[in-house]
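Have a look at the structure below, then the notes.
The values are calculated or read from the model by the stated rules, or taken from the named source; none is laboratory data. Quick caveat: nothing in here was measured; it's all calculated off a predicted structure. Methodologically, a virtual Cβ is constructed for each residue, glycine included, from the backbone with ideal geometry; neighbour enumeration extends over all protein chains shown. The area values use the complete protein model at the heavy-atom level, side chains included, leaving out ligands, DNA and RNA. Shrake-Rupley method; radii C 1.70, N 1.55, O 1.52, S 1.80 Å.
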Amino acid sequence: MSHVRKAALPLLVVAMGAALAACSRNEEAAGAAPAPVAAPEATQAGVPASEHVHPFQVGSLQAAALRDGGIAVPNDNSVFGVGLTPDEVAGVLSGAGLDTDRLHLSVQPLLVRDGQRVMLFDAGAGQFVGDSAGKLGAALQAAGIVPAQVTDVFISHAHGDHVGGLVDASGALAFPNATIHVSQPEWEDLQAQASGEGAAMASLVAAIAPQVDAFAPEAELVPGMVQALPTPGHTPGHVSFRISSGGESLLYVGDLVHHPVVSVQRPQWTIQWDREAAAGAAQRAKMLDTAADSGERLYSVHFPFPGLGRIERGSDGQLAWVAE
């Protein structure tokens, strides 16, 4: 039996300049997100469903998966199963009835609305990974949201497929009224990597720095609604987010996992994108085991669209992604 019931590059590590650190709102690092600034009012009608928008609820919160695009990675052990062989990876993929030559990843930021706030969790790839992604603007339009209505962007980590969409094609802020929440360790690490990143990255940094709120990794960012959870390994300041309302919760896992079969069935395998391979594998295994025990609903930005589901443990102990 397949261990996936429904199945379908984050490539660049983004660096933000040390010289702009003074522009961040580090004084708010330990506190909750500030009240949103004045912005055009968002209608409270339900988010319309489309090919690129999958609406759902978390308690009383309106939420939607927004299709930014997708990326295909060759099965050559350069990214997945580092140190193994293509045949070993292919064996896991074929057992789930998937293509064994390439691993297909989706990219889908999350939209959450509560009446006062219009929140994004990660911002998609923008111009950073080519034509296969960077379509968040079109998905937002289909969802009935204009960029100026976005009040908060919560960044799991600063790889290009998660922060590239913070600026538009001209290099200006894509969400001019939004506070951009990045964990303090991630921000510090990005500053340390400032040199040699090229003009495109320098432009992104210059655009977003005045909007950045650097927060403590365990901070409650929106009281009773958005809680950050430190999950370092993929990057030094990687965080997950628990979104709660009315006794329901959704765990936004960021890049703890990338593929619905390989990441779930072989969490111990090294992935090239993890800065610290051992820490990344440990965080991955911990999250998956905890999710299987709790049954908590997950949102995985790289699993097949819309990335909603749960982890279940079979009678043989094997974990499986069960998509909604």
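List the pairs whose first member sits in the stretch 232-245 and is open to solvent by less than 40 Å² (accessible area, probe 1.4 Å), whose second member is of a type in the set (Lys, Arg) and not in a strand (DSSP E or B), and whose Cβ atoms are under 7 Å apart, counting only residues at least 6 apart or on separate chains?
Short answer, once both residue conditions are applied: HIS234/ARG275; THR235/ARG275.
Go over the candidates GLN193, GLN184, GLN268, GLN211 one by one and state the one that is at pLDDT 95 or above and in contact with a strand residue (DSSP E or B) (Cβ under 9 Å, 6 or more places away or on another chain). Before you say what the answer is, go through the steps one by one.
Details: GLN193 fails: at pLDDT 95 or above; GLN184 fails: at pLDDT 95 or above; GLN268 fails: in contact with a strand residue (DSSP E or B) (Cβ under 9 Å, 6 or more places away or on another chain).
Of GLN193, GLN184, GLN268, GLN211, the one residue that is at pLDDT 95 or above and in contact with a strand residue (DSSP E or B) (Cβ under 9 Å, 6 or more places away or on another chain) is GLN211.
Looking at THR100 and the list (1) touching a helix residue (DSSP H, G or I) at 6+ places or on another chain (Cβ under 6 Å); (2) crowded, with 20+ Cβ neighbours inside 10 Å, which single condition is not satisfied?
(2)
Counting only residues that are among the small types (Gly, Ala, Ser) and surrounded by fewer than 16 Cβ atoms within 10 Å (Cβ to Cβ), which one in the stretch 68-94 is farthest from PRO260 (Cα to Cα)? Give the derivation first.
Initially, the stretch 68-94 is screened for residues among the small types (Gly, Ala, Ser), giving 69-70, 72, 78, 81, 83, 90-91, 94.
This time we only want the ones that are surrounded by fewer than 16 Cβ atoms within 10 Å (Cβ to Cβ), so: 72, 78, 83, 91, 94.
Details: ALA72: 14, SER78: 18, GLY83: 20, GLY91: 15, SER94: 13 Å.
It comes out as GLY83.
Pick out the one residue from SER78, SER94 that is closer than 15 Å to TRP273 by Cβ and not aliphatic (A, V, I, L, M).
Numbers: SER94 fails: closer than 15 Å to TRP273 by Cβ.
Step by step, each of SER78, SER94 is checked, and only SER78 is closer than 15 Å to TRP273 by Cβ and not aliphatic (A, V, I, L, M).
Anything in the stretch 253-278 that is open to solvent by less than 40 Å² (accessible area, probe 1.4 Å) and more than 23 Å from PRO74 (Cβ to Cβ)? List them, or say none.
Result: VAL253, GLY254.
Select, from ASP87, ASP122, ASP99, the only residue that is within 19 Å of the chain's Cα centre (by Cα) and among the acidic types (Asp, Glu). If you could, list the steps in order and put the result at the bottom.
Working: ASP87 fails: within 19 Å of the chain's Cα centre (by Cα); ASP99 fails: within 19 Å of the chain's Cα centre (by Cα).
Within the list ASP87, ASP122, ASP99, the selection yields ASP122.
Quick check on the stretch 128-142: of everything there that is open to solvent by 60 Å² or more (accessible area, probe 1.4 Å) and in a helix (DSSP H, G or I), which residue is farthest from HIS162 (Cα to Cα)? Walk me through it before giving the result.
Taking the stretch 128-142 first, the residues open to solvent by 60 Å² or more (accessible area, probe 1.4 Å) are 131, 135, 138, 141.
Among the residues that remain, those that are also in a helix (DSSP H, G or I) are: 138, 141.
On the way: ALA138: 16, GLN141: 19 Å.
Per the stated criteria, the residue is GLN141.
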